[in-house]
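Structure record follows, encoded as structure tokens.
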Amino acid sequence: LKSSSKAFKKVMEDNLDVDMTDHLAVCWSGEWSWCDSLFMGPPAFAKLYDVTGDKKYLDFMNRKWWKAHRFLYDRAEMLFYRNAGYFNKKEINGEKVFLSRANGAVMAGLVRVLEVMPKDYPDRPKYTQLFKEMSAKVSSIQQEDGFWRASLLDPASFSGGETTGTGLFCYALAWGINNGLLNEKNYSPIVKKSINALMRSVDADGKVGWTEGLGQDPKKVQAGDSEVYGVGAFLLAGSEVYKLLCKVQSSSGKE
């Protein structure tokens, strides 16, 4: 813990607030200049606060989170651009480019921050509001088969589901129900469709398929495509849906 704390302190001391327009130039400086990083960085700082009780880790995380939010969040669409390179890009159907996997990472990052953030932390309502906004948006664009597509607003150009984004959305939405942030009646059908879709992505040998390959742009996927992060998203979803099922069974009096 001591060595980890020392490393985090160095990040906080060395990290300058710089313009994030040139993503590749600044991401190595420690800036959260791409939205996937909101799953990677903030939960670690929040957890270190939880372990040490030192509020400076939480305050640093909070400042950096909302800097990334101001830069990457499209308020009209209630989705995050992957990085600044996507601000002016369009899909074949003319819609803006928002990656399923990247936005799933943001929602999962929100979950992991909210799990340890004190109830009375001044900016906590902003996190819960963002979580609810994104939950409503992603639920509205879930496809009939239960999956979300690699590119959220152009599903026709990306046939077949994508397990990473679907798994992370399923995980976040189930967590929201379990923790009283989302209405169970409204969101349970979304979660049910998504976990069923994820289960169909597992082949006879137990391999999780339909996972988008590495890269920052949305890609078409096939049944045999698998990556470790897709498996991780699948497991996160399963763990939270299991809690939801236990909660439902408990409330109905079933064993």
### Candidates Thr166, Thr52, Thr128, ranked by Gaussian network fluctuation over the chain, Cα under 10 Å, top entry
Thr52
### Across Lys6/Lys243; Lys192/Lys220; Lys207/Lys243, pairs whose alpha-carbon gap is larger than 32 Å
Lys6/Lys243
#### Entry: Rg/Rh for the chain, where both radii come from Cα atoms and Rh is the Kirkwood radius
0.97
### Message
Let me make sure I get this right: for the stretch 5-46, a, b and c are the square roots of the gyration tensor eigenvalues over alpha carbons, sorted descending. Under 1.5 in a/c it's rounded, otherwise prolate if a/b > b/c, else oblate. Which is it?
### Response
oblate
### Task
Send over a whole-number figure in Å² for the accessible area per residue of the chain, probe 1.4 Å.
48
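What part of the accessible area of the chain, given as a whole %, is carbon or sulfur when the probe is 1.4 angstrom? Mind dumping the intermediate values first?
Values: 6660 of 12210 Å².
Carbon and sulfur: 55 percent of the exposed surface of the chain.
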### Quotient of Cα Rg and 2.2 N^0.38 Å for the stretch 64-103, N being how many residues it contains
1.14
### Query
Where a ≥ b ≥ c are the square roots of the eigenvalues of the C-alpha gyration tensor, would you call the stretch 141-225 rounded, which needs a/c under 1.5, or, failing that, prolate if a/b is larger than b/c, or oblate?
prolate
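When Lys and Arg each count +1 and Asp and Glu each count -1, what net charge do the other residues less than 14 Å away from Ser37, Cβ to Cβ, add up to? Write down the numbers at each step before the final one.
Values: positive: Lys64, Lys67, Arg82, Arg101, Arg112; negative: Glu31, Asp36.
Net local charge, Ser37 excluded: +3.
Pairs Lys96/Lys137; Lys10/Lys67; Lys89/Lys193; Lys47/Lys126; Lys90/Lys126: which exceed 24 Å Cα-Cα? Could the numbers behind the result be given before it?
Working: Lys96/Lys137 14 Å; Lys10/Lys67 20 Å; Lys89/Lys193 30 Å; Lys47/Lys126 19 Å; Lys90/Lys126 29 Å.
Distance filter (> 24 Å) returns Lys89/Lys193; Lys90/Lys126.
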### Task
Counting helices only, and only those DSSP H runs with n ≥ 4, report the 222 nm mean residue ellipticity of the chain as the sum of -39,500 (n - 2.57) divided by its residues, in deg cm²/dmol to the nearest 500.
-17500 deg cm²/dmol
### Summary
By the Cα gyration tensor axes a ≥ b ≥ c (a/c under 1.5 gives rounded; else a/b larger than b/c gives prolate, otherwise oblate), the shape of the stretch 1-142 is oblate
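The values are calculated or read from the model by the stated rules, or taken from the named source; none is laboratory data. Nothing here was measured: the structure is a model prediction, and the numbers come from that model. So basically every Cβ, Gly included, is an ideal-geometry build from the backbone, and we count neighbours across all protein chains shown. Protein only, heavy atoms only, side chains kept; ligands, DNA and RNA dropped before computing areas. Shrake-Rupley method; radii C 1.70, N 1.55, O 1.52, S 1.80 Å.
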